[in-house]
Amino acid sequence: MSSSTTTAAATHDHYVPVREDWLARHSEPILEPALPIVDPHHHLWDRPNWRYLLPELLADLNAGHRVVATVFVQCRAFHRAEGPEAMRPVGETEFVNGVAAMSASGRYGPAKICAGIVGHADLMLGARVREVLEAHIQAGGGRFRGIRHISVWDEDPVLMNPAYNPPQGMLGSAQFREGFAQLAPLGLSFDAWLLHPQIGELAALARAFPETRIVLDHVGGPVGIRRFAGRREEVFAAWAAAIRDLARCPNVHVKLGGLGMRVNGFGFETQEAPPSSEQLAAAWRPYVETCIEAFGAARCMFESNFPVDKGSYGYAACWNAFKRLAAGASAAEKADLFAGTAARFYRLDLGG
């Protein structure tokens, strides 16, 4: 879906379009095809000119890697068209739970698709958000695991997701924190999506709520475009320092992936052919290794961020790249990075 209808997108399309003919220009053998994988971050949606529902997801999951379970993360899919505004995101959980029920029938393969569901609730509602959270839990059929309330903010509006307009410093506001305080008592986690200059704000939130489980999406959003273009070493140093500080919070985990978005500035989508897993691993290595060193494998999980990242590379190459990056890990560390950490964090039952 192009965001060309927004003011910000006049100079920047947030999403890289998926070009199946371009993706078909590269293929490679699957590495370690027997390694169990939990993909803890993907979306489903039906947008103008961009459909990614169960058939499209299955096509990627069946690319050759052994994906045993997935976690759906909110993306404004199928919100209710009517009713109180605060309750409309519950429609997304109802939809995804239906997909999970289809998968649980076994008719679509052995993978437990959408075994965990992360939805959206407006935490700026303060304590009133509890009613919304309880509705999500009921709609999730035992699969609802947490909330993502996107907090991406920057002085440059082009860097912000055009679908979200959070206030500056939202994570530190009393109103947001009153809503955030409702998560832990209900056993819910928080997915954090922000840009690298905001990581310190998340660390402050994590320290204020040590009982709430938090996962940082997409290695913390290192930015490589606009005023950050051409400053990768400088950005990396600032990002790495913030990551190491955040890792001191034992309630925080991190997702390793999501680096195929325009905001990261790698430009994979500009190549004549899609990048190979070797190219991806080389570009991602500093970020992945820094996160694993800071958090430990037991608090790190590889993620696809599909279909968002599908504009930059294919599913098979993505997970091959992760396997290359984990080549030096022990068996226990590899098990955590690819499945164990995600299964524990999202409380997934991977039994038969």
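Tell me, please, whether a residue that is part of a loop (DSSP other than H, G, I, E, B), open to solvent by 50 Å² or more (accessible area, probe 1.4 Å) and more than 21 Å from H42 (Cβ to Cβ) can be found in segment 203-212. Scanning segment 203-212, I find at least one residue that is part of a loop (DSSP other than H, G, I, E, B), open to solvent by 50 Å² or more (accessible area, probe 1.4 Å) and more than 21 Å from H42 (Cβ to Cβ), so the answer is yes. Looking at segment 322-331, is at least one residue open to solvent by less than 10 Å² (accessible area, probe 1.4 Å), of a type outside the set (A, V, I, L, M) and either in contact (Cβ under 8 Å) with a residue 40 or more places away in the chain or closer than 17 Å to P40 by Cα (or both)? So far as segment 322-331 goes, yes, one or more of its residues are open to solvent by less than 10 Å² (accessible area, probe 1.4 Å), of a type outside the set (A, V, I, L, M) and either in contact (Cβ under 8 Å) with a residue 40 or more places away in the chain or closer than 17 Å to P40 by Cα (or both). Restricting attention to segment 21-77, the residues that are loosely packed, with under 13 Cβ neighbours inside 10 Å and on the phi > 0 side of the Ramachandran plot add up to 1. For segment 73-90, the set of residues classified as free of Cβ contacts under 8 Å to residues at least 40 places away in the same chain and closer than 30 Å to G351 by Cβ consists of C75, A77, F78, listed by residue number. Does Q182 qualify as being outside any strand (DSSP E or B), modelled with pLDDT of 95 or more and surrounded by fewer than 19 Cβ atoms within 10 Å (Cβ to Cβ)? Here the answer is no, as Q182 does not meet what is asked. Please tell me if V223 is open to solvent by less than 50 Å² (accessible area, probe 1.4 Å) and either touching a strand residue (DSSP E or B) at 6+ places or on another chain (Cβ under 9 Å) or part of a helix (DSSP H, G or I) (or both). No; evaluated as a whole, the condition is false for this residue. A single entry from G146, G169, G126 fulfils the requirement of being more than 22 Å from the chain's Cα centre (by Cα), of a type in the set (G, A, S) and open to solvent by less than 40 Å² (accessible area, probe 1.4 Å): G126. Of all residues in segment 1-20 being in a loop (DSSP other than H, G, I, E, B) and modelled with pLDDT of 75 or more, which is least open to solvent (accessible area, probe 1.4 Å)? Within segment 1-20, the match that is least open to solvent (accessible area, probe 1.4 Å) is V16. Pairing each residue of segment 52-72 that is farther than 12 Å from P307 by Cβ with any residue that is surrounded by fewer than 17 Cβ atoms within 10 Å (Cβ to Cβ) and modelled with pLDDT under 95, provided the two are 6+ apart or on different chains, yields C-beta distances under 8 Å for V68/L350; A69/L350.
Output the residues belonging to segment 59-101 that are of a type in the set (S, T, N, Q) and out of contact with any helix residue (DSSP H, G or I) (no Cβ under 7 Å at 6 or more places or on another chain). Hits for segment 59-101 are N62, T70. Looking across segment 264-289, just one residue is β-branched (V, I, T) and open to solvent by 10 Å² or more (accessible area, probe 1.4 Å), and that is T270. Is it fair to say P197 is over 17 Å from the mean Cα position of the chain (by Cα) and open to solvent by 20 Å² or more (accessible area, probe 1.4 Å)? In short, yes. Would you check if A111 is under 20 Å from F209 (Cβ atoms) and aliphatic (A, V, I, L, M)? Judged against the criteria, A111 is not a match.
The values are calculated or read from the model by the stated rules, or taken from the named source; none is laboratory data. Predicted, not measured: the structure shown is a model, and the values here were computed from it. Glycine also receives a Cβ, built like all others from the backbone with ideal geometry; neighbour counts cover every protein chain displayed. Ligands, DNA and RNA are excluded from the accessible area calculation, which covers all protein heavy atoms including side chains. Shrake-Rupley method; radii C 1.70, N 1.55, O 1.52, S 1.80 Å.
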